[in-house]
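The values are calculated or read from the model by the stated rules, or taken from the named source; none is laboratory data. Small disclaimer: the values here were computed from a predicted structure and weren't measured. Neighbour counts run over all protein chains shown; Cβ positions are idealised from the backbone, glycine included. Note: accessible area is taken over every heavy atom of the protein model, side chains too, but ligands, DNA and RNA are not part of it. Shrake-Rupley method; radii C 1.70, N 1.55, O 1.52, S 1.80 Å.
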Amino acid sequence: MTEKIKNYIGGEFADPHSGHYLDNFNPSRGKVYSQVAASDSEDISRAVRAAQSAQPQWAKLPAEERANYLRRISDEILKHAPELARAETIDNGKPITLSRELDIPRSAKNLRFFADAVSQFRGEFFSDSFSTSTVRYTPLGVVGCISPWNLPLYLLTWKIAPALAMGNTVVAKPSEVTPYTASLLAQMASAVGLPAGVLNIVHGAGAHAGAALTQHPDIKAISFTGSTATGRMIAQAAAAQFKKCSLEMGGKNPNIIFADCDFELALKTTMRSTFANQGQICLCGSRILVEKTIYEKFRDALVARANSLRIGDPLLETTEQGAVVSEAHMKKILHYIEIARREGGKILCGGERIRLAGELENGYFIKPTLIEGLGPSCVVNQDEVFGPVATLMPFENENQAVAMANSTRYGLSASVWSKDLGRCERVANALQAGVVWLNSWMVRDLRTPFGGVKESGVGREGGDYGLRFFSEIKTVNQPLGAN
Ligand code: NAD
């Protein structure tokens with residue numbers, strides 16, 4: 001039976017006011033398995049009103065009480081982890097092992113992390129012989145959180161946790177492509193008794209529900225993760241209302257592999273950073289730069305491993321590569337592979353859709369693809385493909401590697417592989433990226449700032465950076481007077 005994913009507004013599950021629903025696909029089957037509310041500006045207005053009426057009481061609660069609600073939702077996530085992991089895999093196409101080991105535990109951790117962080121969060125105090133000043137971080141009011149499809153529950157909770165912790169109420173707009181776990185989160189918020197209107201979830205297309213949320217005059221801030229093209233539209237709409245805006249956008253991340261690296265570790269990690277989640281993580285390395293003296297050895301080893309990845313039903317424990325998220329996205333990825341061919345790239349492995357048997361026959365599966373022979377300025381080395389596709393390019397020396405790495409409009413993350421730690425540090429300093437990993441990938445301390453430079457991002461999430469984003473800063477001054 002087709003399930004209807006409704007909006008969650010003012011503590012109630014509600015049909016969209018238009019009565020319309022969008023088809024929601026299971027990408028590994030290539031077929032519709034549920035319906036999701038096609039909301040518009042009226043639904044957004046209702047959600048904003050519900051959030052406004054809940055906000056004063058929510059903000060008045062001691063931080064520790066708000067934190068306790070977040071902890072209870074976190075516990076619910078862990079209690080329902082198997083169901084959530086399955087839901088994420090069905091909705092997104094990612095292997096169940098990834099949902100179980102990354103997406104769901106990290107979602108629970110996000111809530112608990114910000115519950116703990118807000119308990120320790122404090123303002124500032126300044127004094128001199130004439131006055132004292134206190135700096136207070138106060139809630140903004142009602143804020144909007146817009147999240148993408150690649151890490152659906154993980155990135156949604158990463159936004160709503162700091163927003164709620166700081167005393168704001170939230171209208172969230174999850175991706176219409178993967179709405180399932182957001183609706184389960186709403187059920188959990190309801191089950192733990194989160195006061196009505198504190199968290200509202202409105203589903204629907206970005207151009208309708210998302211744009212209405214961004215443009216709503218009573219939304220005080222927008223925290224967005226998604227593509228650079230959408231981020232640009234959001235930034236323009238937010239600027240017109242002087243609205244606070246945090247943008248986490250696309251990437252074209254380089255993996256820089258020097259000849260003196262730990263070869264096996266670099267190889268193993270590059271496989272993961274290239275193909276994890278079918279290459280659909282903003283932090284995936286999609287340009288693999290290898291020092292010329294080990295280029296062929298590294299390339300051949302990487303191709304051999306890519307060819308041996310097990311592609312299959314994402315619900316099976318043994319599957320390493322699942323489906324990409326949608327038919328439209330699959331076509332986009334295949335189009336880029338075609339462009340690479342036209343630009344003279346040599347497809348070393350993959351390069352096509354794969355048809356699996358039985359009920360997976362119409363699933364959106366793409367063979368892990370590695371391409372060489374393209375210069376740094378080719379389209380596929382400039383545009384974000386966001387699929388199981390990476391290019392390999394040889395470099396002669398450190399300066400050339402840095403110049404190639406920096407030669408795109410993006411600047412999200414990079415990884416550097418060398419046993420020469422001085423070189424690692426030099427290269428890290430020279431890279432135009434918000435996050436650099438040395439001899440590693442995806443190592444995250446949630447207290448550290450996360451975000452990109454250039455067209456990859458504006459602002460930083462994580463730790464106190466996230467809590468401060470969701471606050472208004474007020475300075476209260478007091479003269480000491482003369483004695
Ligand atoms: P997207 O930009 O298409 O959609 C993201 C969200 O924005 C969705 O909820 C969508 O409905 C909404 N949206 C679309 N148009 C809108 C509009 N006009 N106004 C308001 N909201 C709108 O991105 P996607 O395809 O869902 O996600 C993939 C992209 O996300 C990739 O570019 C990836 O690099 C990026 N991403 C970045 C990070 C990061 O931390 N930098 C993390 C994950 C994903």
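For the reader, a short list of remarks on this structure follows.
- If you go through region 265-277 and keep only what is closer than 18 Å to PRO394 by Cα and either out of contact with any helix residue (DSSP H, G or I) (no Cβ under 7 Å at 6 or more places or on another chain) or within 16 Å of the ligand (Cβ to nearest atom) (or both), you end up with ALA266, THR274.
For every residue, the table says whether it meets (1) touching a His at 6+ places or on another chain (Cβ under 8 Å); (2) over 30 Å from TYR364 (Cα atoms); (3) at pLDDT below 95.
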site	(1), (2), (3)
MET1	no, no, yes
PRO16	yes, no, no
ASN26	no, no, no
TYR33	no, no, no
ALA59	no, yes, no
GLU65	no, yes, no
ALA81	no, no, no
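- Residue that is surrounded by the most Cβ atoms within 10 Å (Cβ to Cβ) [pool: residues in region 438-483 that are within 18 Å of the chain's Cα centre (by Cα), small (Gly, Ala, Ser) and part of a loop (DSSP other than H, G, I, E, B)]: GLY452
- Annotation note: of ALA211, ALA229, the sole residue that is modelled with pLDDT of 95 or more and out of contact with any helix residue (DSSP H, G or I) (no Cβ under 9 Å at 6 or more places or on another chain) is ALA229.
- Qualifying residue in region 120-141 (condition: over 18 Å from LYS243 (Cβ atoms), buried (at least 24 other Cβ atoms within 10 Å of the Cβ) and either at pLDDT below 95 or of a type in the set (S, T, N, Q) (or both)): no
- Residues satisfying the criterion are present in region 408-417 (criterion: within 16 Å of the ligand (Cβ to nearest atom), in a loop (DSSP other than H, G, I, E, B), open to solvent by 20 Å² or more (accessible area, probe 1.4 Å) and not acidic (Asp, Glu)).
- Positions within region 437-456 being within 15 Å of the ligand (Cβ to nearest atom) and either on the phi > 0 side of the Ramachandran plot or hydrophobic (A, V, I, L, M, F, W, C) (or both), in sequence order: TRP437, TRP441, MET442, LEU446, PHE450, GLY451, VAL453, LYS454
- Which listed residue, of THR132, THR181, THR138, is assigned to a strand (DSSP E or B), in contact with an Asp or Glu (Cβ under 7 Å, 6 or more places away or on another chain) and not charged (D, E, K, R): THR138
- Boolean, TYR336 is out of contact with any Lys or Arg (no Cβ under 9 Å at 6 or more places or on another chain), surrounded by 16 or more Cβ atoms within 10 Å (Cβ to Cβ), farther than 28 Å from THR293 by Cα and in contact (Cβ under 8 Å) with a residue 24 or more places away in the chain: yes
- Test for LYS268: is it open to solvent by less than 20 Å² (accessible area, probe 1.4 Å) and part of a helix (DSSP H, G or I): no
- Members of region 22-48 that are within 15 Å of GLY206 (Cα to Cα), open to solvent by less than 40 Å² (accessible area, probe 1.4 Å) and hydroxyl-bearing (Ser, Thr, Tyr): SER39
- Residue within region 305-324 that is more than 16 Å from the ligand (Cβ to nearest atom), at pLDDT 95 or above, over 26 Å from ARG86 (Cβ atoms) and charged (D, E, K, R) present: yes
- Residue match in region 424-437 (condition: part of a strand (DSSP E or B) and closer than 30 Å to ALA63 by Cβ): yes
- So MET393, is it part of a helix (DSSP H, G or I) and crowded, with 16+ Cβ neighbours inside 10 Å: no
- Looking only at region 199-255, residues that are more than 11 Å from the ligand (Cβ to nearest atom), open to solvent by 10 Å² or more (accessible area, probe 1.4 Å) and among the aliphatic types (A, V, I, L, M) come to 2 in all.
- Among residues that are within 10 Å of the ligand (Cβ to nearest atom) and crowded, with 24+ Cβ neighbours inside 10 Å, THR157 is not included.
- Residues that are in contact with a strand residue (DSSP E or B) (Cβ under 8 Å, 6 or more places away or on another chain) and either open to solvent by less than 10 Å² (accessible area, probe 1.4 Å) or not assigned by TED's automatic domain parsing to the domain that holds VAL198 (or both) within region 73-92 comprise just one, ASP91.
- Residue in region 49-58 that is hydroxyl-bearing (Ser, Thr, Tyr) and open to solvent by 40 Å² or more (accessible area, probe 1.4 Å) present: yes
- Within region 289-310, the set of residues being within 28 Å of the chain's Cα centre (by Cα) and surrounded by 12 or more Cβ atoms within 10 Å (Cβ to Cβ) comprises LEU289, VAL290, LEU302, VAL303, ARG305, ALA306, ASN307, LEU309.
- Pairs with Cβ under 8 Å, 6+ apart, first in region 270-287 and among the charged types (D, E, K, R), second assigned to a helix (DSSP H, G or I): ARG287/ASN381; ARG287/MET404; ARG287/ALA405
- Test: residue in region 157-164 that is assigned to a helix (DSSP H, G or I), closer than 28 Å to ASP23 by Cα and out of contact with any Gly (no Cβ under 9 Å at 6 or more places or on another chain): yes
- Residue match in region 341-362 (condition: within 16 Å of the ligand (Cβ to nearest atom), in a helix (DSSP H, G or I) and crowded, with 16+ Cβ neighbours inside 10 Å): no
- Region 21-59: number of residues that are touching a residue at least 40 places away in the same chain (Cβ under 8 Å) and farther than 17 Å from ALA182 by Cα: 18
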